[in-house]
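Inspection log for the structure reproduced underneath, given as structure tokens.
Taken together, the values in this text are just the output of simple stated rules run on the coordinates, not laboratory data. All values reported here derive from a predicted model rather than from experimental measurement. Don't worry about glycine lacking a Cβ; one is built from the backbone with ideal geometry, like all the others, and counts go over all protein chains shown.
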Ligand code: AMP
């Protein structure tokens, strides 16, 4: 990730805000979307990106966030199903190059794979880390 990318982060919760802060510090253009305006309080004072309030299930909200020019989209709301839907729309409708979705339920990862959506499961990562460090 050497060049500056336009990165759309959907969900500004514990994970989304941490990603936004880090990626912004790395020099990327970051837009964070969240349905709850209060969620943006988790962004650090030096966050240099943009905030967009709205329901990511609505195409108009994604359009307002300029999804058509995004190089990458990270779907990290607290809802697995919504993350799948947003990731799929980003990939198939807006042709976003790099799309990643968070999925809590490892059993759902197979469904994502049938849609060709790349996933990261905090649950699976935690299982590996717990066992590794035991
Ligand atoms: P966390 O579980 O702490 O990573 O937080 C998940 C974030 O996703 C919260 O800030 C929620 O407000 C946000 N979120 C949930 N549903 C939506 C939605 N439909 N559109 C945008 N953001 C959402």
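Tabulated results
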item	result
Residues residue 66 and residue 40, FRET efficiency given R0 of 22 Å [Cβ-Cβ distance, rounded to 0.05]	0.80
The chain, helix-only ellipticity at 222 nm - DSSP H runs n ≥ 4, -39,500 (n - 2.57), divided by all residues, nearest 500	-10500 deg cm²/dmol
Taking all pairs of distinct alpha-carbon atoms in segment 18-105, Kirkwood radius in angstrom	13.2
Once the Cα gyration tensor of segment 1-59 is diagonalised, semi-axes √(5λ) in Å	19, 13, 8
Choice from 111, 120, 67 showing the highest fluctuation, given a GNM over the chain with Cα pairs closer than 10 Å	111
For q = 0.13, 0.16, 0.25 Å⁻¹, Debye-computed log10 I/I(0) when each Cα of segment 65-134 counts as one equal scatterer	-0.38, -0.54, -1.03
Net lengthening on full extension, residue 53/residue 113 (0.36 nm per residue, minus Cα-Cα)	18.7 nm
